[in-house]
Amino acid sequence: MMTGAGQLNRRVTFQQRVPGTDKFGNPTPGDWQDVYTCAARLQPRFGGSLTVEGIAQARLSSQQPYNLVVRNSAAARAVRPDWQVIDARDTPRVFAIKTIVDPNECGHWLEMLVVENGAS
């Protein structure tokens, strides 16, 4: 599916976990820090390469899969699956990143499979 600039109708913020330490100096996962905000297309995923059982299981555990499309850039290429995405217009919505691909290998867009309410 081709993506045009007019279809980038969401604003998302990518966040990376910053390592921290507890009061005894032991490493802890730390807090999430904003790294990059951009326009995106966020589209619910109802089929495709996920199996029917996989989608049903995700929905039973309140984890809706989505395709997230952003313009390819140096900042977008720095995003990793252990980061998370926040819908900047609807901040309670948090998405775990599962995969990142260049769908058409044209270099214009990056597509990510993300799961709402999912752990990274």
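Taking only pairs six or more apart or across chains, which ones have beta-carbon atoms under 7 Å, a first residue in the stretch 13-25 that is of a type in the set (Val, Ile, Thr), and a second residue that is part of a loop (DSSP other than H, G, I, E, B)?
Final answer for the pair search is Thr13/Ala88; Val18/Gly30; Val18/Asp31.
Looking only at the stretch 80-89, decide whether some residue is at pLDDT below 95 and more than 14 Å from the chain's Cα centre (by Cα).
Checked against the condition, which is being at pLDDT below 95 and more than 14 Å from the chain's Cα centre (by Cα), the stretch 80-89 yields at least one hit.
Can you tell me which residue within the stretch 76-110, out of those that are surrounded by fewer than 18 Cβ atoms within 10 Å (Cβ to Cβ) and of a type in the set (Asp, Glu), is farthest from Pro19 (Cα to Cα)?
Glu105
Quick grid of which residues meet (1) under 19 Å from Asn117 (Cβ atoms); (2) in a loop (DSSP other than H, G, I, E, B); (3) under 12 Å from the mean Cα position of the chain (by Cα); (4) at pLDDT 85 or above:
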site: Gln15; (1), (2), (3), (4): yes, no, yes, yes
site: Gly25; (1), (2), (3), (4): no, yes, no, yes
site: Gly30; (1), (2), (3), (4): no, yes, no, yes
site: Ala40; (1), (2), (3), (4): yes, no, yes, yes
site: Ala56; (1), (2), (3), (4): yes, no, no, no
site: Ala75; (1), (2), (3), (4): no, no, no, yes
site: Pro92; (1), (2), (3), (4): yes, yes, no, no
site: Ala96; (1), (2), (3), (4): yes, no, yes, yes
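The values are calculated or read from the model by the stated rules, or taken from the named source; none is laboratory data. All figures in this text were calculated on a predicted structure; none of them were measured in a lab. Note that each Cβ is placed from the backbone with ideal geometry, even for glycine, and that neighbours are counted across all protein chains shown.
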